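Below is one structure, written out as structure tokens; comments come after it.
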Amino acid sequence: MKLGVCYYPEHWPQERWPADARLMRQAGLSLVRIADFAWAALEPREGHFTWDWLDQAIDVLATEGLQMILCTPTASPPPWLCRAYSDILPVDAQGRQRRFGSRRHYCPSSATYHQHTMRIVAAMASRYGGHPAVTGWQIDNEFGCHDTARCYCERCATSFRGWLELKYGTIAALNDAWGTVFWSQTYSDWSEIEPPNLTVAEPNPSHVLDYYRFSSDAFVTYQGLQKTIIRQHATEDRIITTNFMSQFTDLNYYDLASSLDLVSMSSYPTGHAESRSSLYMPSNAQPNLAYDVGDPYLTSLGHALMRGFKQQRPFWVMEQQCGNVNWGVYNTGIRPGTVRLWTWHALASGADACIYFRWRAGLYAQEQLHSGLLHHDASPAVGYTDLESMHAERSLMSEIACVPHAAQIAILLDYDSLWGIRLQPHQRGIDYMRLLFLYYRALQRLGLPADIVSADADLSPYKLLIVPAAYLATERLAASLKTYAETGGTVLMGVRSGFKTTSNQVTDLPLPGVFRELVGGTVSDWHSLPPGISYDLNSIIPGLIGPATVWAEALLPDTPASHPTDPNLQILAHYTSGPFDACTALVEHKIKAGRSLYLGWHPNDVQAEALLAHLASQAGINPLAALPEGMVAFQRGPYLILLNFTDETLTATAQGQSLMVKPRNVEVVIMHG
Ligand code: GAL
Ligand code: ZN
């Protein structure tokens, strides 16, 4: 496994660079990511390039055997560019043109910005594309960060119209797809269509969904511009990627990933635990974790998403937290062992490389309170000493990096459904990522590794597929799930599946719409349950007995009068109180070699775990280990990797053995059989 660091030579005196490079090598680092945000330093005036410092920095680093990941600096257009071409600035949803002064201040549809992007990228790529020490490229930095995935400027309005024309062909088809007859929205010309912001009441959800898709496509195009130029100068052995954000959902990462050589990500465990817990676990008591390591289940989900964006290929952590962040609420400090734990976690999840953010804590500007591997005064910080402590295990880490992460369970992530539910959650406890995380976390607690897959992924490697909510449904997905089940797979479908068409209109079919045949029944009614309200459940799976909260659907299995006891349909749970009393709540449908299950309520943690344990055992999937809360397990090839994210020594049971793992620590065991 390669380790590296993000370095900003332009922030430090040149005399310091050799010492930095030496310390990097001594810490066992081999990759250095540079030049993200360096546009003003590389081109201080239009067309006037100053490569000297970068040439020298690369030389100094290369002298110590380090290899560069060179970033294009387009996430931060310099002041002269913003001043001379102010039309590159983006407009936010409130209609305000954003100013220069931080970063990500550009509109992805701006032809002017495209030109300047191509200029700086071509200049960099032609200079460094063949450089022996430049092993890879990062395009831009974190597309969409700081709420910039969607721009609402006039240029975007024009491109949006073109995008719509291409998609719908005629204005009549668009009117039909959006249901514009409602509230007198019928358009007679493309020019009448605006971006869906600043409306008095809520905008049309079909209109907004298309704007989300259009905006995501705009970044795919923008990334493609850069990729093409870099590839003209850099041979295939130089990787080209961009860094995705863990848990970020405003852009379709499957689409962005498809033309990249590999997926890379930013991973900030303590920051994300703070910012995501309330969305994903609104009613949970704080789990029993060490406060300063983040939430292992959330961090694991971030990693699993990255694997999933490119068909389970290994990913890189391009930015790994290595001390405190500066953008959270508390920005907790971290202790010895944590950076090692996080590095092992990335490796266990399928990462090939881990690059720490950043080398040395900066003395000035926005991120001066962010940590690095070195303190502000250049003395080693906790991340650096962790790296030193890892020397002895680096060869084991490299061996593990050569074998794939293994999982027999997959969870489907579909952006249309995610965005559709976000646009009309119907009640505020419902969120696609919350549902997905609920299942993912339950599996991790059960010691069952899971992959995240797209709707068009090859499902044949998996014995169990979880579809959290196929809210916007296609015939194609229905057919592929049916084939999957017929050929021996188990599909678990969650609430609100089959509800909508891809235009974000409600289906006129009985629910669950296109999935009816697969499910073997109908959803006859659905209720949103406000906090404090629940319907009781009884089940043949003991762990499901209890309340249905958040959302409940009444199911009516297809039991034709001629076969009142269809052996292929089994009711696994039913309601015992409330308006759905006696209705089915969970139905299993055997189809040829496999089966489907439709779960009619939003399960709580206990129910999700009970159901998934039941399904995994029926499908013949054995847990990697019996795990206490706060310990997670992964398999790469023959290696079982156990990670303890708590303050206490914990014991797992795997393959008949008790395995002790110390606080914030890791154990690797070779599996037999
Ligand atoms: C990332 C970003 C970096 C840096 C870091 C701080 O999101 O890509 O440039 O800002 O956060 O945690
Ligand atoms: Zn724009």
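Normalised by the number of residues in the chain, the average gap of Cα pairs under 8 Å and 6 or more apart makes the relative contact order 11 percent. For LEU572, nonlocal amide neighbours, meaning residues 5 or more places apart or on other chains whose placed amide H falls under 5 Å from its own, are LEU586, VAL587, GLU588.
Of the accessible area of the stretch 501-602, computed with a 1.4 Å probe over protein heavy atoms only, carbon and sulfur atoms account for 58 percent. Site pair SER524 and LYS662 shows an inter-label distance of 6.1 nm when each label is modelled 7 Å from Cα along Cα→Cβ. The Cβ shell under 12 Å around VAL514 holds other residues with a net charge of +1, Lys and Arg each +1, Asp and Glu each -1.
Element breakdown for the stretch 163-242 at a 1.4 angstrom probe: carbon and sulfur atoms account for 59% of the accessible area. In percent, rounded to a whole number, the relative contact order of the stretch 552-606 is 34, using alpha-carbon pairs under 8 Å and six or more apart. Look at the dipole of the stretch 474-574 built from charges on Cβ: of SER528, GLN505, ALA548, the Cα furthest out on the positive end belongs to GLN505.
Between THR63, GLN618, THR338, the Cα set farthest toward the positive side of the dipole of the chain (charges on each charged residue's Cβ, about the Cα centre) is that of THR63.
Set the bar at 24 Å for Cα to Cα. Now go through LYS310/LYS463; LYS227/LYS310; LYS310/LYS500; LYS500/LYS592 and name every pair that lies beyond it. Check vs 24 Å cut-off fails for LYS310/LYS500; LYS500/LYS592.
A Stokes-Einstein calculation at 25 °C with viscosity 0.890 mPa s, built on the Kirkwood radius of the stretch 308-394 over Cα pairs, returns a diffusion coefficient of 179 µm²/s. Charged neighbours of GLU629, selected by a Cβ distance under 14 Å, balance to -3 (K, R count +1; D, E count -1).
Only Cα sites of the stretch 351-408 enter the Debye sum here, all with the same form factor; the resulting log10 I(q)/I(0) across q = 0.18, 0.19 1/Å is -0.72, -0.76, listed in q order. Where in the stretch 107-130 does the label zone of ASN197 land, with the point 7 angstrom along Cα→C-beta and an amide N cut-off under 20 Å? 107-114, by backbone N distance to the label point. For TRP183, neighbours were defined as the other residues whose beta-carbon sits under 15 Å from its Cβ, and their charges (Lys and Arg +1, Asp and Glu -1) total -3. Accessible surface for the stretch 1-147, divided over its residues, is 37 Å² per residue with a 1.4 Å probe.
Note on the chain: Rg/Rh from Cα positions, Kirkwood definition for Rh, rounded to two decimals, is 0.98. Trypsin sites (Lys or Arg not before Pro), restricted to the stretch 523-625: which are DSSP loop and have at most 14 other Cβ atoms within 10 Å? Passing both the DSSP loop test and the Cβ count: LYS592.
Of all lysines in the structure, those lying under 27 Å Cα to Cα from LYS662, and not within fewer than 8 positions of it along the same chain, are LYS2. The relative contact order of the stretch 507-568 comes to 32 percent, based on Cα pairs under 8 Å that sit 6 or more residues apart. Calculated FRET efficiency, LYS592 to SER184, Cβ-Cβ distance, R0 = 56 Å: about 0.65 to the nearest 0.05.
The values are calculated or read from the model by the stated rules, or taken from the named source; none is laboratory data. Worth saying up front: this structure is predicted, and the values here are computed from it rather than measured. So basically every Cβ, Gly included, is an ideal-geometry build from the backbone, and we count neighbours across all protein chains shown. Ligands, DNA and RNA are stripped out before the accessible areas are found, and what is left, the full protein with its side chains, is counted by its heavy atoms. Shrake-Rupley method; radii C 1.70, N 1.55, O 1.52, S 1.80 Å.
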